[in-house]
1. In the set C:GLN126, C:GLN95, which member is surrounded by fewer than 19 Cβ atoms within 10 Å (Cβ to Cβ), over 21 Å from the mean Cα position of the chain (by Cα) and of a type in the set (S, T, N, Q)?
2. Scan segment C:85-92 and tell me whether some residue there is within 13 Å of another protein chain (Cβ to nearest Cβ) and either in contact with a helix residue (DSSP H, G or I) (Cβ under 7 Å, 6 or more places away or on another chain) or surrounded by 21 or more Cβ atoms within 10 Å (Cβ to Cβ) (or both).
3. With outside the structural domain of C:TRP148 (by TED's automatic domain parsing), touching a residue at least 24 places away in the same chain (Cβ under 8 Å) and outside any helix (DSSP H, G or I) as the only criterion, which of C:SER290, C:SER307 stands out?
4. Only helices (runs of 4 or more DSSP H) wholly contained in segment B:108-226 count here; list those with 1 or more residues that are over 20 Å from C:VAL206 (Cβ atoms).
5. From C:GLY245, C:GLY277, grab the single residue that is in a helix (DSSP H, G or I), buried (at least 24 other Cβ atoms within 10 Å of the Cβ) and under 15 Å from the mean Cα position of the chain (by Cα).
6. Output the number of residues of segment B:332-351 satisfying the condition of being aliphatic (A, V, I, L, M), more than 24 Å from the chain's Cα centre (by Cα) and outside any loop (DSSP other than H, G, I, E, B).
7. Would a scan of segment A:99-114 turn up a residue that is assigned to a helix (DSSP H, G or I) and within 14 Å of chain C (Cβ to nearest Cβ)?
8. Kindly indicate whether C:TYR67 is buried (at least 16 other Cβ atoms within 10 Å of the Cβ), away from every other protein chain (no Cβ under 14 Å), within 24 Å of C:THR281 (Cβ to Cβ) and of a type in the set (Phe, Trp, Tyr).
Amino acid sequence: MGEITVNTPGLSAESTQASPGFWRRLVRTPNGFIGLLIVTILIVCAFGADFLAPYNPTKMGSGPRFLPPGSDFLLGTDEFGRDMLSRILYGSRLTLLIGAVAVGISLTAGMLLGMVAAYCRGWIETVLMRSADILFSFTETLIALACVAVLGPSLQNAVLAVSIAGIPFYARTCYSASLVEVSKPYFEASIAAGAGPFRMVFHHLLPNVLPTMIVVATLGVSTAILAAAGLSFLGLGAQPPTPEWGYMLAGSRDYINRAPWLMTIPGIAIAITVLGFNLLGDGFRTALDPKERDR
Amino acid sequence: MTSTSLLDVENLSVGLRSNRSMTTVVSDLSFHLKQSEILAIVGESGSGKSMTAKALMGLLPAGARITGSAQFKDVDILANADRNVQAIRGTGIGMIFQEPMSALNPVLTIGLQMTEALRVHGLANQADANKRAIEMLDRVGISAPHTRLGQYPHEFSGGMRQRVMIAMTMLLEPDLIIADEPTTALDVTVQAQILDLLKEIVAETSIGMLLITHDMGVVAETADRVLVMKQGSRVEEAGVRTLFADPMAPYTKALLAAVPRLDGNLSSPSEFPDSDAPILEVRNLEKSFSKKSGFWRTQATTKALKNVSLSVQEGETLAIVGESGSGKSTLARAITRLLTVDSGRVIVNNQDFLALKGQSLRKARSDIQMIFQDPYSSLDPRFKIGRTIEEPIHIHQNIESSQARKRVDALLEQVGLTPDMADRYPHEFSGGQRQRIAISRALASSPKIIVADEPTSALDVSIQAQVLDLLLRLKKELSLTMLFISHDLAVVGKISDRVAVMRSGQILELGPTDRILLDPQHPYTIALLSAAPSPDPEREHRLRVDLPHIKDAGPLREIQSGHWVAT
Amino acid sequence: MLSFLAGRLTMGLLTVFVTTILVTLLIHLVPGDPVQIMYAQSQGTTPEQMEEVRKSLGLDKPIPVQYFMFVGRLLEGDLGYTIRGGQPVLDVILQRLPNTIVLAVAAMAIAILIGVPIGFFAAYKQGTIWDVTLMITAIAGISMPHFWLGLILLFYFAVDLGWLPVSGGGPLNLVLPAVTLGLSNAAIFARLTRSSMIDVLSQDFVQTAIAKGLPQKLVLRRHVLRAGLIPIITMMGLQFAFMMGGAIVVENIFSWNGVGRMAVEAIFQRDYPIIQGFILTFAVVVVIVSIMLDAVYAFIDPRIRRS
């Protein structure tokens, strides 16, 4: 994850619970509108792949090999005569699944660690956050690579690797967002009222850091998708004949002269997907940020 | 000394863009300022006083709409603003800002920041500029001025930075200075010094000054004429003596009435005989903070509490007074166990509060509740206020939700709100209302002791008066014991039975309110009282007393029944 | 300042220390018998030979003992031997490490030279069409998978136009990988710079500078730029680490002979000593670079230099 500008802990909760205006504000920002549009289309493709795809994505010889995009095969065919459109459609399902699962795992684990560290303070905080700092400085690519080295190349392992690699980032982000809340008087007032740890973390802390984390997680989906596609591109993720975009891209290298569309199409698919989540995350941030809202 | 008009503002209106619409923040404002005159623009938050200052300097955000005219030395600085304002900034009109901590660039030396404008305006070469900067630093009372030019802002204290700021502005020899809340961020003893300095400068150089402030005490001590503003419009304008003696507008009258006065009617302290069983007893509390640097190594330990002992009788209000860094808030948080002390004991209701753990601690907490300074962050923004108030009830009493709801309604009414407000979120309330909600939350668990940490400092003066009245009423009705933390002696005089004066983590003087305010014994208390601005221009200014340097005060000695002074 | 640097140094040493533990454990986390997996791809390895390897790797001893053996050998500069070819791992890494560092540094330079001015300009034009356009471009840049960008550049400039070599180790070969890695990070730098500068622009001291009558250019150059660049420097250490991570992928596209390409090959071949050596090297390089940058930061920021 190269992007650490997520300086969102300032997100004030005031703007976020009055949600009626939230979606309207979201679609009013250009980023939010385009992002939402792209992500919606992606979800439709992913769920509707069975109906939308004209061919079986893994069946060889659906058509001639290396057929350029045309009327029969809208996006052409690959080196085995498989229909590219069908492969891309089924690929979107995989891609969204990868993003959702990876972010789901690392977000949940990271938020728990971050909130616990901020709430408990003391040596628990030191140990947890220093470890997160150390792992974070290894970068996600390296951690993911190390995980794949241990587990062996496969799509499941790549997703697991990306999930594990993301934990330090979410832990750090959630920790700093939590620290802001923990130091506010309302938090101390509830402690002074006699509230226990469970109530403090799940009733007060969680709802207040959640908007920040939703923004971060949306942006994180793009990172996770990129990372998993990168692993597949290196051959460390999805294995043949899975219609995974990164893996498809890797295969296109050998035919770069003969069939450039094999390189262009999956690349565009990844870029648009990642762009969609980045824009949506950016739009969420703008829609949730009272300072931006007043513009 | 001539008294020609320096600045003539006619029909100034300022509109700011917010949410795609224009909000008028200043409307149709006219005023005049002569040489050697200090005109104070005074008002509560939202009065438009700061916007007026910013409009004159061309510092409003892009998209602001300004109409009207401002003749400064025969030039209308609002017409053709880009060029005209640029020409008068610095050399014509200088500006001093509120926050000395952030008004200087942290990564550039004081010397560069002081001299750069002289250089840019072509008023001096570097050597000459340095010489003049050193002279000016000397003038504003910075010690060893010739060694200062190479230093950075973080090496100066807040008061010193404000002096540097003043020196920097004066160096350009402006004809007019706009001071926007120049002492609001400073402690009262430092504020007195800065105000004296500003007055001296105006007297010496015959420049004019526009003083923007919310503090009637500052106005009375400093200004020649006063313009009172409310919601962007002028309420009243008069000479300072006339205004304080005979205010015309009802708003001004109300404003002046709301200002707490040191010499005004003090709360008549009730007598609380030293019983053997005080409801709250603090014994030998010690707390030090260590600034972490590097990994595990700690260094620069500061002692926030040094052997603090005190006791509070049931029904009594004890005020803890001190400036920033005195340890008063640390004491409040130590007593409520929001932080852990190094040693010492806090005994609440004959129970060793600091020794409690887990469930029994949580139970005991219901006896001692806290009210915080900032009304905006002291309520969980995601809880409807009914839920916030209900929380302590929910935790401590096993009662049905319909009954809890009834209790919430009663609590809301008790603090002057209505039950239907329970379903709203905190952001739908004003600052004063939120503080009322915070008070009702503190009362929800039927505590015996309330610790109020600067509960009115973030509020406008008229709201402050209302909240203080509410606290006084509740204290009487519920016979509450209260620990009232404040930096403002006048506020303390209104509400407390006894006062403890703190500095550098120690109690320096402790006694009945009237004795402390009228007959202070410790040099620091005397200095603190003499520095507090008084909202009465007729009054002879108290003698400024230089702050005595105290490293470690001795133990408290009883000089009279109940009046203790550190040796 | 010394205590600040001492703190950073401690943190760096701790990072390396934790890495040595993780690296030792790595081989034990492998499901199944690591030695068998390692030799699964080469035929004709007898059980005796495998036992020998197990002994030489110390896998027959308890884990703490293995750890101290590993660290002991490490201190002597011995990272073990590759499974394939039996060369010293340290030699293999040191031979390729300069290539990776050259690539990362070149990419970093490109990213800073493009990203920082764009971010500064966008902050200055905040809210205008310039700002919006540049920032949407930056989001698009961040969204571009760098392995795809690499392929496109490779296709046009090397294959189609033939201006630059497809692969190899010369200075001309550096251009495409460095541009690939640099461009995607330039977008990140642009966003970092913009938010840092906008932060500074809203500070009181900028108003002070304007109120003094300084011309706008001087306010921007002296007051805004200097204060705004300091946070960027503090982020650069982390960015360098990301650059090293990105190099792993980019090296594979352009067959650039660095440690990243070596590592991916090692993963395919299950050559664990190389993987261990690679992770350790990566950590050491990242730690050294960030300590160097911390020193720069401590020197530039007077709040730290003079404390």
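The values are calculated or read from the model by the stated rules, or taken from the named source; none is laboratory data. These figures come from a predicted structure and were not determined experimentally. Heads up, the Cβs are rebuilt from the backbone with ideal geometry, glycines too, and the neighbour counts pull from every protein chain shown.
1. Details: C:GLN95 fails: over 21 Å from the mean Cα position of the chain (by Cα).
None of the other options fit; the residue is C:GLN126.
2. Filtering segment C:85-92 down to residues within 13 Å of another protein chain (Cβ to nearest Cβ) leaves none.
No, because not a single residue in segment C:85-92 is within 13 Å of another protein chain (Cβ to nearest Cβ) and either in contact with a helix residue (DSSP H, G or I) (Cβ under 7 Å, 6 or more places away or on another chain) or surrounded by 21 or more Cβ atoms within 10 Å (Cβ to Cβ) (or both).
3. Values: C:SER290 fails: outside any helix (DSSP H, G or I).
The conditions single out C:SER307.
4. On the way: elements: B:110-120, B:126-139, B:158-171, B:188-205, B:216-222.
Once the helices (runs of 4 or more DSSP H) in segment B:108-226 are filtered for at least 1 residues that are over 20 Å from C:VAL206 (Cβ atoms), what remains is B:126-139, B:158-171, B:188-205, B:216-222.
5. Details: C:GLY277 fails: under 15 Å from the mean Cα position of the chain (by Cα).
None of the others qualify; the one that does is C:GLY245.
6. Going through segment B:332-351 one residue at a time, the tally reaches 3.
7. Narrowing segment A:99-114 to residues assigned to a helix (DSSP H, G or I): A:99-114.
Going one step further and asking which of them are within 14 Å of chain C (Cβ to nearest Cβ), we end up with A:99.
Taking every residue of segment A:99-114 in turn, at least one turns out to be assigned to a helix (DSSP H, G or I) and within 14 Å of chain C (Cβ to nearest Cβ).
8. Numbers: buried (at least 16 other Cβ atoms within 10 Å of the Cβ): yes; away from every other protein chain (no Cβ under 14 Å): yes; within 24 Å of C:THR281 (Cβ to Cβ): yes; of a type in the set (Phe, Trp, Tyr): yes.
The answer is yes for C:TYR67.
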